Each structure stands twice: as C-alpha cells, then as structure tokens.
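Nothing in this text is a laboratory measurement; each read-out follows from the coordinates by a stated rule. Everything quoted here is computed from the prediction, not taken from an experiment. Because the Cβ atoms are built from the backbone with ideal geometry, glycine has one as well, and the counts that use them run over all protein chains shown.
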Amino acid sequence: MEKKDAYIALGSNMGNRAGNLSMALELMERNPHIEVKKVSSSYLTEPWGKVNQADFFNQVCWIETDLSPWELLKKLQEIEIKMGRQPSEKWGPRIIDLDIILYGQEIVQERDLIIPHPYAQQRLFVLIPLQEINPEIVFPDSGMGIREVLIRALGREEKKSIKRID
C-alpha cells in the first residue's frame with residue numbers, strides 16, 4: 001500500500017503526563033509501518049466534555065504510514081493498552097489517548113472509525129498543535145483550511161484555557 005500522511009492527537013491526564021506522551025511517540029516510532037515526521041509542542045489544556053478531572057497534556061504528531069486507517073487504529077489501540085489504558089467512561093481520565101485526526105484526504109464514516117475525527121474542528125487542543133506542525137492542512141469533509149477552522153473554534157472556545165508548555 002502507498003504511504004499516506006496522517007495526524008494523530010495524543011492526550012494524557014494521569015500519572016506522568018509528559019512521559020506518557022513521550023512513551024506513546026516512542027512506541028509509534030518502533031512500528032516499522034509508522035514514521036513520525038513532526039511533533040508539535042505540548043499543551044496544557046482543560047478537560048473537554050467531562051470537566052471535573054485533571055488538566056491534560058496534549059500534542060499532535062504528523063506521521064507517514066502504509067497502514068490502512070483500520071490497521072492504524074488497531075496499532076494505536078494496542079499502544080494505549082500496552083501503556084495501561086483501561087476502558088473508562090466517555091471523556092474520562094486516561095493515561096493515554098491516541099486519536100486519528102486526519103488520514104490523507106480520506107473520509108471514513110464507519111461505526112467504530114470516523115475520519116476526520118468528528119470533534120477535531122471544535123477542539124483547540126487539536127487545532128492549535130495541528131496548525132503548528134502543518135499550517136497548510138485542509139479538512140477534506142468541510143473543505144476549510146486549518147486557519148479558518150481555528151478562527152471559528154477560537155470564537156466558540158475563548159473561555160477554554162490552553163497553554164503551550166515546551
């Protein structure tokens with residue numbers, strides 16, 4: 001299969017949050033089918049969805065892979081399990097969370113996999129690091145560039161705190 005660019009959002013709000021992000025990146029890089037091309041800064045962000053929990057450390061990485069979207073999802077879930085992630089409540093605390101944000105210009109609408117990620121265009125903790133690593137991104141579902149999407153999200157989420165930490 002030909003190689004595709006994909007973007008993965010990483011998040012952690014349990015234990016050594018910075019260490020968890022680093023470990024997830026290291027485990028991705030160990031996979032011969034995943035090449036990490038670029039990694040954003042880390043950001044400290046308030047929880048989204050379920051707010052009564054610790055703040056998250058978030059990052060986005062740009063990878064190149066010859067895995068299909070489903071194979072990539074399976075590999076990311078294996079990393080989450082290896083790092084000790086347990087099934088938990090929706091938007092609850094987690095050691096590591098790895099989400100496929102974009103996979104090439106593909107649109108996937110399946111029960112267990114939606115690409116682009118259904119909430120990506122609403123979440124500053126995805127959009128800000130995504131723009132940092134590639135300001136030329138266009139979302140295939142909306143046709144909007146990252147800059148326009150980010151401006152719209154900032155208007156809605158101005159009360160949310162997000163702070164670059166490295």
Check: Can you work out ³J(HN,Hα) from phi for every residue in segment 107-112, in order, using Karplus 6.51 cos²θ - 1.76 cosθ + 1.60 and θ = phi - 60°, giving whole Hz and x for Gly and Pro?
Finding: 10, 10, 10, 10, 4, 9
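Which entries of Lys3/Lys163; Lys38/Lys163; Lys82/Lys163; Lys3/Lys75; Lys4/Lys74 have Cα-Cα distances beyond 27 Å here? Kindly include the intermediate steps, with their values, before the conclusion.
On the way: Lys3/Lys163 33 Å; Lys38/Lys163 20 Å; Lys82/Lys163 29 Å; Lys3/Lys75 16 Å; Lys4/Lys74 16 Å.
Over 27 Å apart, Cα to Cα: Lys3/Lys163; Lys82/Lys163.
Using the number of other C-beta atoms within 10 angstrom as an exposure proxy, rank Arg152, Arg111 with the fewest first. Numbers along the way, then the final one.
Working: Arg152 15, Arg111 5.
Fewest-to-most ranking of Arg152, Arg111: Arg111, Arg152.
Find me the longest stretch of the chain that has none of the exposed GluC sites (Glu not before Pro), where exposed means in a DSSP loop (not H, G, I, E or B) with at most 14 other Cβ atoms within 10 Å. Don't skip to the answer; put the middle values down first.
Numbers: sites that count: Glu2, Glu89, Glu106, Glu110, Glu136, Glu158.
Of all site-free stretches, the longest is 3-88.
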